[in-house]
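Enquirer: Take this structure, written in structure tokens, and hold onto it; I'll ask about it next.
A short reminder: the numbers here are calculations on the coordinates, not readings from a lab. Predicted model, so just to flag it, every value in this text is computed and none were measured. All Cβ positions, glycine included, derive from the backbone under ideal geometry; neighbour counts span all protein chains shown.
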Amino acid sequence: MRRFYSPPDQISEGRVNLNADETRHLRDVLRLRVGDEASVFDGLGQEYRCLVSELSKKSAILEVQQEIEPSSPESPLDITAAAAILPGEKYEITVQKAVELGVYRLQPLYTVRCEMKPGGSGRRMERWRKIAAESAKQSGRARLMDIAEPVELTEFLADAGSIAGTKIFFSERDGSDFNAIEPAMKMTAVFGPKGGWDDSELESAMAANFTIVTFGGRIMRAETAAIAMTAILQHRFGDLS
């Protein structure tokens, strides 16, 4: 069954209103017509089996038939991935794979050696959130991964006292192995930029009570590390066992 996304404020009284982009995909790409069946998820965890009842050039209305279980359940492990911003497609891949791996929220970071500098993040945020919604559709998740506004690593670490659960700071050097990670159902994992961490950043992370964990001697690209380490966390503590 074809899946579509519609925010909760567009689902009421048994009717779903799809926006122009989702309507275009329904009508022009998938070629669904009035009377065809589709599922709609609201980004908060609910999904519905629906029938297309009205269809125009820029909008579609679907009638809710029943609430259904999403094809991909949410992981019991609440992961926040705080990852240094990478140029262009590299970060888009990070966003896409984080959704597929069941990450709950993504916190983009500016770091000392980050290739991207603060400013002009509005367009990037719009792009990342669109990719996250598309990835949720394709992976079967009914909950959208939250993407926070980018912040400086120093600001993120300054607020670390309010972060619940296990706090992990992945580094290419000067850390412990995975056995040092304290099991918890809520984790925050920090991933660095292409050039690695500055000494001052590692010191700040330790002062903020993050556990520094290395890659076991392997050297990984920044985008590879975020994906691989998240998969390992899900395997060890989540639902990818």
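Enquirer: Test of understanding: ordering Ser72, Ser171, Ser56 by Cβ neighbours within 10 Å, fewest first, what list do you get?
Expert: Ser56, Ser72, Ser171
Enquirer: While we're on this one: Hey, which of these cross-link pairs are over 27 Å Cα-Cα: Lys97/Lys167; Lys117/Lys137; Lys58/Lys97; Lys90/Lys130; Lys130/Lys194?
Expert: Lys117/Lys137; Lys58/Lys97
Enquirer: Related question: Do the sum for the chain: with -39,500 (n - 2.57) for every DSSP H run of n ≥ 4, divided by all residues, what is the mean residue ellipticity at 222 nm, to the nearest 500 deg cm²/dmol?
Expert: When only DSSP H runs of four or more count, the value is -8500 deg cm²/dmol.
Enquirer: Arrange the following residues from fewest to most other Cβ atoms within 10 Å of their Cβ: Met145, Met1.
Expert: Ordered from fewest to most neighbouring Cβ atoms within 10 Å, Met145, Met1 come out as Met1, Met145.
Enquirer: In addition: If amide H atoms are built 1.01 Å from N in the plane of the peptide, which residues on other chains or at least 5 residues away come under 5 Å of the amide H of Leu144?
Expert: Result for Leu144 returns Gly43, Leu44, Gly45.
Enquirer: Based only on other Cβ atoms within 10 Å, what is the fewest-to-most ordering of Leu106, Leu30, Leu62, Leu202?
Expert: Exposure proxy ranking, most exposed first: Leu30, Leu202, Leu106, Leu62.
Enquirer: So which trypsin sites (Lys or Arg not before Pro) in region 132-183 pass both tests, a DSSP loop state and at most 14 other Cβ atoms within 10 Å of the Cβ?
Expert: Listed in order of number, the matching sites are Arg173.
Enquirer: While we're here: Summing Lys, Arg as +1 and Asp, Glu as -1, what charge do residues with Cβ under 11 Å from the Cβ of Ala222 carry, Ala222 excluded?
Expert: Taking every other residue near Ala222 into account, the sum is +1.
Enquirer: Taking the Cα atoms of region 3-68 alone, what are Rg (to one decimal) and Dmax (as a whole number) in Å?
Expert: Here Rg and the maximum Cα pair distance are 10.4, 28 Å.
Enquirer: Then there is this: Indicate the gyration tensor shape class of region 163-240 (rounded, prolate or oblate), computed on the Cα atoms with a ≥ b ≥ c the square roots of the eigenvalues: a/c under 1.5 is rounded; otherwise a/b larger than b/c is prolate and the rest oblate.
Expert: It is oblate, given that a/c is not under 1.5 and a/b is not larger than b/c.
Enquirer: Per residue of region 182-192, what does 6.51 cos²θ - 1.76 cosθ + 1.60 with θ = phi - 60° give for ³J(HN,Hα)? Whole Hz please, x for Gly and Pro, Karplus curve as stated.
Expert: In residue order, the calculated couplings are 7, x, 6, 8, 9, 9, 10, 10, 10, 10, x Hz.
Enquirer: Kindly identify region 101-241 as rounded, prolate or oblate by the Cα gyration tensor criterion: order the square roots of the eigenvalues as a ≥ b ≥ c, call it rounded if a/c is under 1.5, otherwise compare a/b with b/c, prolate if a/b is larger, else oblate.
Expert: Note, shape of region 101-241 comes out oblate.
Enquirer: So I have (1) 19.9, 61; (2) 19.1, 66; (3) 17.0, 51, and one of them is Rg and Dmax of the Cα atoms in Å calculated from this model. Which one is it?
Expert: (1)
Enquirer: Assuming 0.36 nm per residue, please report the length gained on full extension of the stretch Glu54 to Ala20 beyond their Cα-Cα distance.
Expert: Difference between extended and current length: 10.9 nm.
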